[in-house]
Amino acid sequence: MFGRNLDLCAKCKGVRRLCGRPRCPILERLEALQNISKITSSRSFFGSTPPSILVGEANYPLVRVGANVPPEVGVKARLYDAPEEWWGRKGLEDIIKLRASMVYSSSRLNVRVAPRSGRDNVLESLRLAALSELPVDTEVLFRKPPRVSIRFDSVLSPVGPSGEVEKLEVVSNPVVPRRVDDIVSDFDVDSRTAAEELYFHGVSYYHIVRLLSLGMLGARFRRRIVPTRWAITATDKILGDRLLERVRDYREISEYEVYMSEYVGNRYFLLFAPGAWSFEMIEAWLPRSVWVKSAKPVVIENYELHDGRARKPGVDGGYYAIRFPVLEFLHRRRRQATVVAVRVITPDYYAPIGSWQIRESIRNAFKEKPVKFDELRKAWEHIAAKLGQLREDVEKEARLLRSLFSQRSLRQFL
């Protein structure tokens, strides 16, 4: 689990903290499962989904589609899937416990189920829930009592106990924003344009992901159910690309700016430099952090220039989860800049809880006033001093940053 050393775990038994983590991830998991096992012994379940929708990707195109339903009824259920409200208020343990107490109620469906076909009552109920911006009461009947478990993922929020649905029904009226209803009912607009329209009309990013994942956006015969992991990355990229079209036409910033934030063992440093849009993301995973077994840090880098195209293959969701809120911020300011973003993952981040924490950490960094400098060297030294021994590893990989220092034309990287 999370790249742990099994021999070390056997010696530690969750008491001696030999792995260097503040909490034992195994004990944390067992504690959460013990609490939820008390409410999953029956075939029937009632609660208000926040709404929280999850589409798996295993065995694509025949995938699991379902709702996460907590043992809570009413508006309070919203807290079980509220990244914008979690940030800075909920710790890692709090989020794990919240997510572990929801039951993933799903059935297996083909991604090509036609929009509003009426052929699958479970899917229609899920789509009705996904339309709502507030929790909806949900009655679930399982084929057998849910299996007690909790799963973690680098992109998705933790997933708790799961059960095969025999019947799922929404029994309260969803609160549907007018623009959402209009766009979902429009079968002539493509999914990219639909997502953009919703975003620029103030619909939450997470609401858009739900709709895209359940195949509720796009032209009639091109709508497909989309695994949630793919929908998250696609939404980040679609909205980021659209914002970039506007940002490219704005004036450049005039000073060097540094923004920072820290949350659940992740530290973020953002350097904004005068210049045309270009973007670099550097991830530094410290020893004993999630996924890292080695005694040395693992540093990953990717970048793009004015055309907005990532230069290295295998771009992951973390890249776009940083890029989108950066472009969102620049668009709000009506400015463009060259941006270097550094993410440091520490051992305190002992269990992955999804890419939402990346996105919201960047958004919250921009809520604070930046530290401004008149020289690049001073701005970078401000960040480098906080990187400590990581500085050399980061600078070695930071291609865009090096080009800023050398004053060489970025055209050579095209």
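Details
- Overall Cα dimensions of the chain - principal axes, largest extent first, Å: 64, 61, 35
- Least to most buried among S52, S289, S261 (fewest other Cβ within 10 Å first): S261, S289, S52
- Each part gets one Cα centre, and for region 218-255 versus region 88-147 those centres are 25 Å apart.
- Here R179 and R43 are evaluated by their C-beta separation; at R0 = 35 Å the FRET efficiency comes out at 0.35.
- Residues D190, D81, D120, sorted so that the one with the fewest Cβ neighbours within 10 Å comes first: D190, D120, D81
- Per residue, the average separation of C-alpha pairs within less than 8 Å and at least 6 apart gives the chain a relative contact order of 16 percent.
- Remark: the chain carries a charge dipole of roughly 900 debye about the Cα centre, counting +1 on each Lys and Arg Cβ and -1 on each Asp and Glu Cβ.
- Summarising the amide proton neighbourhood of T338: residues at separation of 5 or more, or on other chains, whose placed amide H is nearer than 5 Å comprise A273, G275, S278.
- Amide H contacts under 5 Å for S149, placed H, 5+ residues apart: S162
- At full extension, E368 and E166 could sit 67.9 nm farther apart than now, given 0.36 nm per residue minus the alpha carbon distance.
- Qualifying chymotrypsin sites (Phe, Trp or Tyr not before Pro) for region 165-223 [loop in DSSP, other Cβ within 10 Å: at most 11]: none
- Just so you know, the Cα atoms of region 179-238 work out to an Rg and Dmax of 10.0, 27 Å.
- Modelled label positions at N59 and F221, each set 7 Å beyond Cα in the direction of Cβ, lie 2.9 nm from each other.
Each value in this text was obtained by applying a stated rule to the coordinates, not by laboratory testing. Source: prediction; values computed, not measured. A quick note on method: Cβ atoms are made from the backbone with ideal geometry, for glycine too, and the neighbour counts reach across all protein chains shown.
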